[in-house]
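The values are calculated or read from the model by the stated rules, or taken from the named source; none is laboratory data. Quantities reported herein were computed from a predicted structural model and do not represent experimental measurements. Using ideal geometry, Cβ is built from the backbone for each residue, glycine included, and neighbour counts are taken over all protein chains shown.
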Amino acid sequence: MVSFVMADNPNLTALEVMNESRKIMSGEKGTLFVLLLSFLGWIILSALFRGLLTIFIYPYFIATITGFYIDITNPAQLSSINL
Amino acid sequence: MRSRAELKRIAKDRLRDAYWPSFAVIAITFFAQTVQFLKNIYVAIARPGMFFTVQPYGPAPDIALTWENLSFLVQSAARQFDWVEFLFGIVGPVLMVGCAAYFLKLLRGQDAKVQEVFGYFHLFFRALGVSILVALICGGVFLLGFLAGYLFFWTIGLRFLGMAFAPLIAAIPAVVVSLGYSMVSFVMEKALTSNMYTLSFSWLLHGVFRHG
């Protein structure tokens, strides 16, 4: 989450960013691990096409991880979106 | 805490109207991969027969340690040096911060623009420092785990299994540590060596994504 923390808090120092990331992920590592695992189908599909699909899958992948970050830091920001 | 399905649904929904700008952000951020993608397209079109073939390494030449051979080796290494990957290792971390900022805005329903990806160059050294520190920490944990695993197999007399299984054992603590810094794993691609892929699940994931 370091990139997100840094984007959200540009004034933090490098070590503060890392500590903040560790704090945010405390107790959430398993959840993220399972979330990453849930992309296994896409990974296999991408591997079958020798990585040609990868670049097209990335936006979806990173958007999901971003959603996870927002959900564990400030879930209200996701709720405010009209779906 | 939302479920995985809900997070994915939100992601898909936000990308519905902004897929191509998001694609552009990804293509810029992971420019090394974009170059590789274009190379793959070229290979697929220009040399389709080469696409799925495996090119085995030839036998190692018997090279004596002479000045000519050393000079040849240095020149070969320089020719094969991947400048795009090198540049990506340097600029990638700060671009990833911009990419994170773009996706944060997108997911929060704010006005996200592609140029966001270039908006964090004032954090260049900080981003680079963080990525190097994370690589060193994850690398250190992996090495400790590897040594412990190797010593374990060595002490029970199964040293030959050590090299095969010690990396797998070492990957577990490295994965746990790297998940703490999770997103950095995408930034850190090949920052130190290509073997760093083995240091975390995310690197592994990224490695599989890239190289199949």
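Some values worked out for this structure:
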{"read-out": "Region A:13-26, subset within 18 Å of residue A:65 (Cα to Cα) and among the small types (Gly, Ala, Ser), residue surrounded by the most Cβ atoms within 10 Å (Cβ to Cβ)", "value": "A:21"}
{"read-out": "Boolean, residue A:10 is facing another protein chain (nearest Cβ under 7 Å), within 30 Å of residue B:43 (Cα to Cα) and surrounded by 14 or more Cβ atoms within 10 Å (Cβ to Cβ)", "value": "no"}
{"read-out": "Residue B:118 surrounded by fewer than 13 Cβ atoms within 10 Å (Cβ to Cβ) and either in contact with a strand residue (DSSP E or B) (Cβ under 9 Å, 6 or more places away or on another chain) or within 14 Å of another protein chain (Cβ to nearest Cβ) (or both)", "value": "yes"}
{"read-out": "Subset of region A:1-43 [of a type in the set (Gly, Ala, Ser) and in a helix (DSSP H, G or I)]", "value": "A:3, A:7, A:14, A:21, A:30, A:41"}
{"read-out": "Flag if residue B:133 is out of contact with any helix residue (DSSP H, G or I) (no Cβ under 6 Å at 6 or more places or on another chain), at pLDDT below 85 and either surrounded by 21 or more Cβ atoms within 10 Å (Cβ to Cβ) or in a helix (DSSP H, G or I) (or both)", "value": "no"}
{"read-out": "Subset of region A:57-68 (residues that are more than 7 Å from every other protein chain (Cβ to nearest Cβ) and aromatic (Phe, Trp, Tyr))", "value": "A:61"}
{"read-out": "Counted residues, region B:1-28 - those being polar (S, T, N, Q) and more than 9 Å from chain A (Cβ to nearest Cβ)", "value": "1"}
{"read-out": "Residues that are more than 8 Å from every other protein chain (Cβ to nearest Cβ), surrounded by fewer than 14 Cβ atoms within 10 Å (Cβ to Cβ) and either modelled with pLDDT under 85 or on the phi < 0 side of the Ramachandran plot (or both), drawn from region A:27-48", "value": "A:30, A:37, A:40, A:41, A:44, A:45"}
{"read-out": "Residue B:34 within 26 Å of the chain's Cα centre (by Cα) and modelled with pLDDT of 85 or more", "value": "yes"}
{"read-out": "Residue check, residue B:189 among the charged types (D, E, K, R) and at pLDDT below 75", "value": "yes"}
{"read-out": "Selection count, region B:1-17, where residues are surrounded by fewer than 17 Cβ atoms within 10 Å (Cβ to Cβ) and either in contact (Cβ under 8 Å) with a residue 24 or more places away in the chain or within 21 Å of residue B:96 (Cα to Cα) (or both)", "value": "1"}
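Conditions (1) farther than 22 Å from residue A:66 by Cα; (2) at pLDDT 90 or above; (3) in the same structural domain as residue B:18 (by TED's automatic domain parsing), marked per residue:
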site: B:78; (1), (2), (3): yes, no, yes
site: B:106; (1), (2), (3): no, yes, yes
site: B:109; (1), (2), (3): no, no, yes
site: B:115; (1), (2), (3): no, yes, yes
site: B:127; (1), (2), (3): no, no, no
site: B:142; (1), (2), (3): yes, no, no
